[in-house]
Amino acid sequence: MTTLAQYGLLRVVLPVPLRREFDYLCPLPLPARGCRVRVPFGNRTLVALVLDHPTASEVPPDKLKPLDSVLDEEPVLADADLRLLAWATGYYLHAPGEVYFQALPTLLRKGETAGYRSMDYWHLLEPDARVSAQAVKQQQALTLLRQGPLTSGELDARGIGSPILQALARKGVIEKREQLPARDDWRPALAINQDDKPRLGREQALAVSLLHQAEGFVPFLLEGITGSGKTEVYLQAMEPVLAAGRQVLVLVPEIGLTPQTIARFQRRFRAPVSTLHSGMSERERLDTWLACRDGGTAILIGTRSALLTPFRQLGLIIIDEEHDTSFKQQDGFRYHARDLALLRARQLDIPILLGSATPSFESLHNAATGKYRHLILSQRPGTATVARHLLLDSKHVQLQAGLSPQLLQLMEQELAQGNQVMLFLNRRGYAPALLCHDCGWLADCERCDAHYTWHRQQSRLHCHHCDHQRPLPPRCPQCGSQQLMGTGLGTEQVEQALAGLFPQYASIRIDRDNTRRKGSFQQHLDGIRAGRYQILIGTQMLAKGHHFPDVTLVAMLDVDGALFASDFRATERFAQLYIQVAGRAGRASKPGRVVLQSHHPEHALLQDLANQGYRHFAQGALRERQAAALPPFSFQALFRVQATRAQYCQEFLQQLAGQLAPGLSPGVLCLGPMSAQMERKAGQYRYQLLLQAASRRELAGACRQALALIETLASARKVRWSLDIDPVEL
Ligand code: ADP
Ligand code: ZN
Ligand code: ZN
């Protein structure tokens, strides 16, 4: 028989959406902080993470339950990781379990052993095996495998698909063997490929030398125009860090994690480079996670969620395209990976480098106030020049599929000289709405306040907000007419029109509709680079981070929507997109031109961007935000609510606001309740309440007051609500 004296207390977090921790009884000796245990919860058992060994519990002793089992002998998370997560829980005021479990790979959340398992690795059978020079991909595979065995998944991330591996295996050049991941220490063998290293330009050299001098926590903002060599600065900044045996974390936007990016890091350093992204299997993710934690990996390149990966000895964090909105998680635990990365760097006392051609206004403000050190790359290496900007007035001219005669003429000129032309339109599908010509009926989604987009090739209507799809109606449901027509312009329509306007040139469309198949995006990009297409049409997928040396003309077809949007961040995002798009023109030795088509070419925002550039524009916009006390000159938190009836949302938020407002300190503004920009989405009504304050402390205090109030409100049970700290979309 065991007595209570042989038991101790464990304080754990559970993967449940409750803002609290839980206590359990546990036989001695107690598992350490950061170990996983299995505990009873309601009528289930859950995996839990040990946070603490309290001496007393608020739960009466006869109500305390013993745990089921201990899962780990060694902690899965170290103290430094737990500190970061504790801070994140307090800052985002989110359910602690959901925060902590975000840092664990799915298999560990399910209770899997935190150890490596043997997997199939591709091995090179003869070190100097050769294949025909035409088989480019096979050659690449051999080059990679000469550095050591890799799994199919790792090879896939580097652009080598399974058919290539099968072909090599049939030739008897490579072979699959089951083994544990190699755990050799990479440090003694670390080498830098000097042949790969260009001579730095003056600004690059200055940036690199300042980065090399950084000791402890120093945040840097590297603002460099597209193609100015930011990645080269990242690579050289990493050198002394790796040489000291420390690891580097590189965060990239969702769309930026291409085989080329990975290959570039891999080519430079003889050291293990790992990746974390959504396309990996759960097992691969766990192995990568372990390799980072145990120090087996030197460089981790990953998207947002990679930020929470534990490292044995992290020495530098790099965030590429730091302004990208994909760094903000938009559901569940709504953290911003850039902001948390800054905190992580501060806690670990290491430098952090934020890079962008179009830094977020927040970061520019931090650089201006001296919180960040500002590094600037204003030139492109070699002979590459910066593009010229041109504003075309689309008023009173005859547009063909959205293209003005002037633009068509410019395209003609460039194409005739053998150059590529890129047209940019951030709307996929054939037309953003379907209209009855006879009675004016519009095809609206039943579940959203939105029109269906007409996808003509598939003969379907598709709601881009809730993903609902239906076949194209043969006639108008209101008047029976067959005169249904699209209104507005989508990429599919532009593509079709171009086939008629420029039949002699091949075009390719790049948007989410025709890149769904795995690897097809990459194939299209390869095709563009190989010169198979002269006209490129795409959404922002096409805008980000790709080198197309033969593109000399870039046009944005429809920019008017962004000029009059209601969200105060809309102009910032438009400016970033515009500069990104413009950066596609004239990257190599050919000069480029950027064309903006607008019905409002005189608009101050367009003029400023086109004539003065991004930084000038940002400075002006920051002054406006300051005058209006908007972020970054104030801080915001948003309570988001949704329910099947608008009334439930309104009642809940009115009660919350009514009871909260009298107790708020005078520095806190409570705005709303108001409906979300799209009031109804996927059958749910959406409302919100905005809190704003000049200090973070006051804002957090107000949020805590609100959270306590919500516990007491019966109307809270009829809605789903969440709290978004530092929202980036209102
Ligand atoms: P960014 O990341 O700023 O868009 P990259 O680092 O990708 O720019 O550099 C753009 C191109 O210029 C790449 O092809 C890169 O290899 C090349 N490059 C970068 N730095 C130099 C340099 N100092 N000398 C010559 N070429 C360079
Ligand atoms: Zn009709
Ligand atoms: Zn819908």
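Summary of values
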quantity: Net charge dipole size for the stretch 30-79 [Lys, Arg +1 and Asp, Glu -1 on Cβ; Debye, nearest 20]; calculated: 260
quantity: Under Karplus coefficients 6.51, -1.76 and 1.60, residue-wise ³J(HN,Hα) of the stretch 269-279 in Hz, glycine/proline x; calculated: 10, 7, 6, x, 10, 10, 10, 9, 7, 5, x
quantity: Unsatisfied cross-links (Cα-Cα over 32 Å) in the set Lys230/Lys518; Lys171/Lys544; Lys110/Lys544; Lys137/Lys328; Lys230/Lys328; Lys110/Lys328; calculated: Lys171/Lys544; Lys110/Lys544; Lys137/Lys328
quantity: Selected from Leu180, Gly620, Trp721, residue furthest toward positive end of dipole (the chain; charges at beta carbon); calculated: Leu180
quantity: Neighbour-count ranking [beta-carbon atoms within 10 angstrom, fewest first] of Trp186, Trp454; calculated: Trp186, Trp454
quantity: Aspartates and glutamates with Cα under 17 Å of Lys176, excluding same-chain neighbours fewer than 8 positions away; calculated: Asp120, Glu126, Glu154, Asp156, Glu284
quantity: Global form of the chain, assessed from the alpha-carbon gyration tensor, a/c cut-off 1.5; calculated: oblate
quantity: Of the trypsin sites (Lys or Arg not before Pro) in the stretch 443-534, those whose Cβ has at most 14 other Cβ within 10 Å and which sit in DSSP loop; calculated: Arg475, Arg516, Arg517, Lys518, Arg532
quantity: Neighbour-count order for Phe652, Phe22, Phe41, fewest beta carbons within 10 angstrom listed first; calculated: Phe41, Phe22, Phe652
quantity: Dipole-positive endmost among Leu165, Ala191, Gly256 within the stretch 142-289 (Cβ charges, Cα centre); calculated: Leu165
quantity: Estimated vicinal HN-Hα couplings, Hz - the stretch 610-625 in sequence order (Karplus 6.51, -1.76, 1.60; Gly, Pro = x); calculated: 5, 9, 10, x, 5, 5, 4, 4, 5, 4, x, 5, 5, 4, 5, 5
quantity: Derived scalar couplings ³J(HN,Hα) [the stretch 366-378; Karplus, 6.51 cos²θ - 1.76 cosθ + 1.60; whole Hz; x for Gly, Pro]; calculated: 5, 5, 5, 8, x, 6, 10, 8, 9, 10, 10, 10, 9
quantity: Likely footprinting exposure, Met238, Met280, fewest C-beta neighbours within 10 Å first; calculated: Met280, Met238
quantity: Alpha-carbon centroid distance for the pair the stretch 184-234 / the stretch 475-542, whole angstrom; calculated: 39
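Each reported figure results from applying straightforward, stated rules to the coordinates on display, with no laboratory input. Here the structure is a predicted model, which means the values were calculated and not measured. All Cβ positions, even for glycine, are placed from backbone atoms using ideal geometry, and neighbour counts span all protein chains on display.
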